[in-house]
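So the structure is just underneath, and the comments pick up after that.
The values are calculated or read from the model by the stated rules, or taken from the named source; none is laboratory data. Since the structure is predicted, the reported quantities are computational estimates derived from the model, not experimental observations. Cβ coordinates were reconstructed from backbone atoms using ideal geometry, including for glycine residues, and neighbour counts include every protein chain displayed.
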Amino acid sequence: MTDAAERLASVLAGLDRACHLANRADRPQLVAISKTFDADAIRPLIAAGQRHFGENRVQEAQAKWPALLTETPGIVLHLVGQLQSNKAAEAITLFDVIHSVDRPSLVTALAKAQTAANKRPACYLQVNIGNEAQKGGCALADLPDLLAGARSAGLNVVGLMCVPPAAVEPAPFFALLAEHARRLALPGLSMGMSSDYETAALLGSTVVRVGSALFGMRD
Ligand SMILES: *Cc1c(COP(=O)(O)O)cnc(C)c1O
């Protein structure tokens, strides 16, 4: 096996282990976060069978993905980073899934862009689950209003997303996000990264966003 295939197999095995423990039949969707890595680093993972990829910057994704998408049909592209409203149209054009809808102004911009593009990506509402000043995501208290606004604007909201605080046990934050998704009857839970995807899978994550465990450390 190539390095990429070995890393992919190891992450999938970790997810399977967690699913077995949690007695769940459905493995979370693995999104390979390829930010900072170029096409030559991405191709081996595609060759190993990975189809869902994620980027955190629209411009970087525009530079490397159109060519890769032409090479391989069936790639699903996810945007996981903070999105400026003035990039909404470009994001709608390139991405199939947007994980970072976190404020009314962005909802408005995305709604306008998806009408213009006649395309309706799946969206996750990003929650600032640790209530951190420097982080993106909406406050838990604002979540019901954000969801109502996104729905009435016509966004296809499928779930909630979070990035828990760094360097503390993430499980309580994952459990809290899962609880809110349940209350709001949202089926999707985008949570879990390289250091905690098994914990996230145990707590009901439906999508994990894994970068360095698949690509190696970023500079
Ligand atoms: C970079 C990033 C990831 C992947 O992080 P790793 O720790 O490398 O797995 C996941 N989600 C978001 C929002 C990111 O920006």
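List of remarks:
- Within region 29-79, strands (runs of 3 or more DSSP E) holding 1 or more residues that are on the phi < 0 side of the Ramachandran plot, buried (at least 17 other Cβ atoms within 10 Å of the Cβ) and acidic (Asp, Glu): 52-55
- Hey, VAL58 at pLDDT 95 or above, under 21 Å from GLU132 (Cα atoms), β-branched (Val, Ile, Thr) and within 16 Å of the ligand (Cβ to nearest atom) or not: no
- Cβ-Cβ distances below 6 Å connect the following pairs, each with a first residue in region 193-219 that is closer than 15 Å to VAL168 by Cα, a second residue that is near the ligand (Cβ under 8 Å from one of its atoms) and in a helix (DSSP H, G or I), and a separation of six or more residues or different chains: SER194/SER212; SER194/ALA213.
- No other residue among ALA166, ALA200, ALA113 is within 12 Å of the ligand (Cβ to nearest atom), in a helix (DSSP H, G or I) and within 30 Å of ASP38 (Cβ to Cβ) apart from ALA200.
- Selection status of ALA88, surrounded by fewer than 23 Cβ atoms within 10 Å (Cβ to Cβ) and either in a helix (DSSP H, G or I) or touching a strand residue (DSSP E or B) at 6+ places or on another chain (Cβ under 9 Å) (or both): no
- Against the list (1) part of a strand (DSSP E or B); (2) within 13 Å of the ligand (Cβ to nearest atom), the condition MET193 fails is (1).
- Close contacts from region 14-26, counting a first residue that is within 15 Å of SER194 (Cβ to Cβ) and a second that is assigned to a loop (DSSP other than H, G, I, E, B), with Cβ to Cβ under 8 Å and a gap of 6+ residues or different chains, come to LEU15/ARG27; LEU15/PRO28.
- Restricting region 185-203 to residues that are more than 20 Å from PRO144 (Cβ to Cβ) and either touching a strand residue (DSSP E or B) at 6+ places or on another chain (Cβ under 7 Å) or modelled with pLDDT under 95 (or both), the residue that is surrounded by the fewest Cβ atoms within 10 Å (Cβ to Cβ): SER194
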